[in-house]
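For reference, the structure is listed below as structure tokens.
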Amino acid sequence: MKFDTVITGGGLAGLIAGISLQKEGRSTAIVSSGQNALHFFSGTFESMNEAPARLLEIFSEAGIRVHYADGVRLMPMGTFKESALSLEDISLFEKPAFAKKALIVNFMGYHDFFSSFIADGLKKQGIEARIRLLRLPEMEHLRQSPSEMRSVQIARTMDRIWEKVVQEIRLLLKDDDAVILPQVFGLQDISVPGRIREALPAKVVFTGTLPPSVPGLRTQMQLRRRYETLGGTFLMGDEVKSAHLHEGVVHSLVTQNLGSHYLEADNFILASGSFFSKGLISTPDSVFEPIIGLDVKSSEDRNSWYDPDFSADQPYMDFGLVTDGELHPFKDGEALKNMYAIGSVLGNTRPELGTGAGAAIRSAFKAVDSILSKA
Ligand SMILES: Cc1cc2nc3c(=O)[nH]c(=O)nc-3n(C[C@H](O)[C@H](O)[C@H](O)COP(=O)(O)OP(=O)(O)OC[C@H]3O[C@@H](n4cnc5c(N)ncnc54)[C@H](O)[C@@H]3O)c2cc1C
């Protein structure tokens, strides 16, 4: 099978690259073995404020709605973090004291939403907060088994019964000027969070839950659908095992499912993620890239990998592939001329690209521009 570009990894970086190339008429395939960071996504694109026009175009064509305002957002543990470009579901406030009285609503039996922490966090900002639990007959079948009481299962029900939830919340509301709800709305029907906001006479704030992230899963589905609509080939559940290369040029990839039917291309993008997605692997004494054995920037002293302060930025997050200015990764000191490394497989080796989702997007565009600029 021959393509213009084959992309390893169908997370945010791989999908943005794939969509951008398909839009320019290039034939691409994405091979993606499993879960990606979007399944854990907070809904906020770190290190991005105003999005570049090309990103807004991709999001708009995929049906993804984003916004930005200077200020802060409420985190799942009741703390506040600086604003960044966010999905429309995420409320951004000028300042942490965004209300006087807040009603926090959770669902009976749902333990993946930290209402008490949120209440404590709000109280620290001088916001009076009270918690109420809704018991809905439509969720009784989920409550039978605690393993079913998870964000995605609840979200499937909520898309159907959100109007009833609004009615129940109206009965609970007193003089509260904010309602805090778990992010379990709008998995299939993107309009639901906005309609809930319109239907309630108070500021509605959707706040993160334990994974999987409902807005993240929806974003992943929207991007993948857009990619496939543009004619991209998405090989879900397959895994790139190795590559054929010769004199600094990659010729083809070997995947688990396709066996001897190699994936050939003029260009290759590696968007295989960090440790979490197995784009990088760590053993007791080394950090390596598992497909090709690309050169990795890390530290030999294992004691320096971690900061004992759990909440500190961990040094291992800096580890990533060694690349040149065009994002070509190196193998044994030699740059691979037709391969590009993008997204979190870079770690924080390219601080000029930002961090988190911002870095994933910027690096994807950089690789795409380089590929398109070739004759
Ligand atoms: C748990 C978690 C939560 C995060 N939340 C946020 C957030 O809320 N906001 C933010 O800005 N940033 C967040 N980040 C940072 C995150 O790294 C970026 O936001 C970005 O989504 C990373 O995208 P990526 O495409 O580079 O990698 P990933 O999303 O990790 O995707 C890599 C993909 O490659 C696949 N893959 C790996 N190896 C192979 C192989 N051999 N063959 C085929 N496929 C392969 C993996 O299965 C995976 O699907 C989070 C990171 C983590 C780990």
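The values are calculated or read from the model by the stated rules, or taken from the named source; none is laboratory data. As the structure is a computational prediction, the values presented were derived from the model and not from experiment. Reconstructed Cβ throughout: ideal geometry from the backbone, glycine too, with neighbour counts over all protein chains shown. Areas reflect the complete protein model, heavy atoms only, side chains present, ligands, DNA and RNA absent. Shrake-Rupley method; radii C 1.70, N 1.55, O 1.52, S 1.80 Å.
Out of everything in the range 218-252 that is in contact (Cβ under 8 Å) with a residue 60 or more places away in the chain, more than 10 Å from the ligand (Cβ to nearest atom) and among the β-branched types (Val, Ile, Thr), what residue ends up being surrounded by the most Cβ atoms within 10 Å (Cβ to Cβ)?
Filtering the range 218-252 for residues in contact (Cβ under 8 Å) with a residue 60 or more places away in the chain gives 219-220, 222-227, 230-240, 245, 248-250.
So of that shortlist, the ones also more than 10 Å from the ligand (Cβ to nearest atom) come out as 222-227, 230-234, 245, 248-250.
Add one more test, that the residue is among the β-branched types (Val, Ile, Thr), and what stays is 233, 249-250.
On the way: THR233: 17, VAL249: 13, VAL250: 23.
The qualifying residue surrounded by the most Cβ atoms within 10 Å (Cβ to Cβ) is VAL250.
Please go through the range 57-66 and pick out each residue that is open to solvent by 50 Å² or more (accessible area, probe 1.4 Å) and under 16 Å from the mean Cα position of the chain (by Cα). Of everything in the range 57-66, just one residue is open to solvent by 50 Å² or more (accessible area, probe 1.4 Å) and under 16 Å from the mean Cα position of the chain (by Cα), namely ARG65. Scanning the range 300-325 for residues that are free of Cβ contacts under 8 Å to residues at least 24 places away in the same chain, of a type in the set (Gly, Ala, Ser) and closer than 30 Å to ASN338 by Cβ yields a count of 1.
Whether any residue in the range 315-322 is away from the ligand (no atom under 11 Å from the Cβ), open to solvent by 10 Å² or more (accessible area, probe 1.4 Å), at pLDDT 95 or above and in contact with a strand residue (DSSP E or B) (Cβ under 7 Å, 6 or more places away or on another chain) is what I want to check. Yes: the range 315-322 contains one or more residues that are away from the ligand (no atom under 11 Å from the Cβ), open to solvent by 10 Å² or more (accessible area, probe 1.4 Å), at pLDDT 95 or above and in contact with a strand residue (DSSP E or B) (Cβ under 7 Å, 6 or more places away or on another chain).
Looking across the range 33-56 at every residue that is over 13 Å from the mean Cα position of the chain (by Cα) and open to solvent by less than 10 Å² (accessible area, probe 1.4 Å), the one that is farthest from ARG224 (Cα to Cα) is identified as MET48. Scanning the range 349-375 for residues that are surrounded by fewer than 19 Cβ atoms within 10 Å (Cβ to Cβ), more than 18 Å from ILE7 (Cα to Cα) and not small (Gly, Ala, Ser) gives THR349, PRO351, GLU352, THR355.
Could you tell me whether any residue of the range 267-276 is away from the ligand (no atom under 12 Å from the Cβ), open to solvent by 60 Å² or more (accessible area, probe 1.4 Å) and on the phi < 0 side of the Ramachandran plot? No, the range 267-276 contains no residue that is away from the ligand (no atom under 12 Å from the Cβ), open to solvent by 60 Å² or more (accessible area, probe 1.4 Å) and on the phi < 0 side of the Ramachandran plot. I'd like the full set of residues that are modelled with pLDDT of 95 or more and either within 6 Å of the ligand (Cβ to nearest atom) or touching a Leu at 6+ places or on another chain (Cβ under 8 Å) (or both), limited to the range 27-38. Within the range 27-38, THR28, ALA29, ILE30, VAL31, SER32, SER33, ASN36, ALA37, LEU38 qualify. Assess whether GLN167 counts as being part of a helix (DSSP H, G or I) and either open to solvent by 30 Å² or more (accessible area, probe 1.4 Å) or in contact with a Cys (Cβ under 8 Å, 6 or more places away or on another chain) (or both). Considered against the rule, which asks whether it is part of a helix (DSSP H, G or I) and either open to solvent by 30 Å² or more (accessible area, probe 1.4 Å) or in contact with a Cys (Cβ under 8 Å, 6 or more places away or on another chain) (or both), GLN167 comes out as yes. Filter the range 93-114 for residues that are without any contact (Cβ under 8 Å) to a residue 40 or more places away in the chain and either surrounded by 14 or more Cβ atoms within 10 Å (Cβ to Cβ) or closer than 18 Å to ALA178 by Cβ (or both) and give the result. Within the range 93-114, PHE93, GLU94, LYS95, PRO96, ALA97, PHE114 meet the criteria. Residue count for the range 129-142 under the criterion of being surrounded by 16 or more Cβ atoms within 10 Å (Cβ to Cβ) and part of a helix (DSSP H, G or I): the result is 2.
List the strands (runs of 3 or more DSSP E) that sit entirely inside the range 210-259 and contain at least 3 residues that are over 30 Å from ILE90 (Cα atoms). Outline the logic, then answer.
Details: elements: 233-236, 240-246, 249-255.
Of the strands (runs of 3 or more DSSP E) lying wholly inside the range 210-259, those with at least 3 residues that are over 30 Å from ILE90 (Cα atoms) span 240-246, 249-255.
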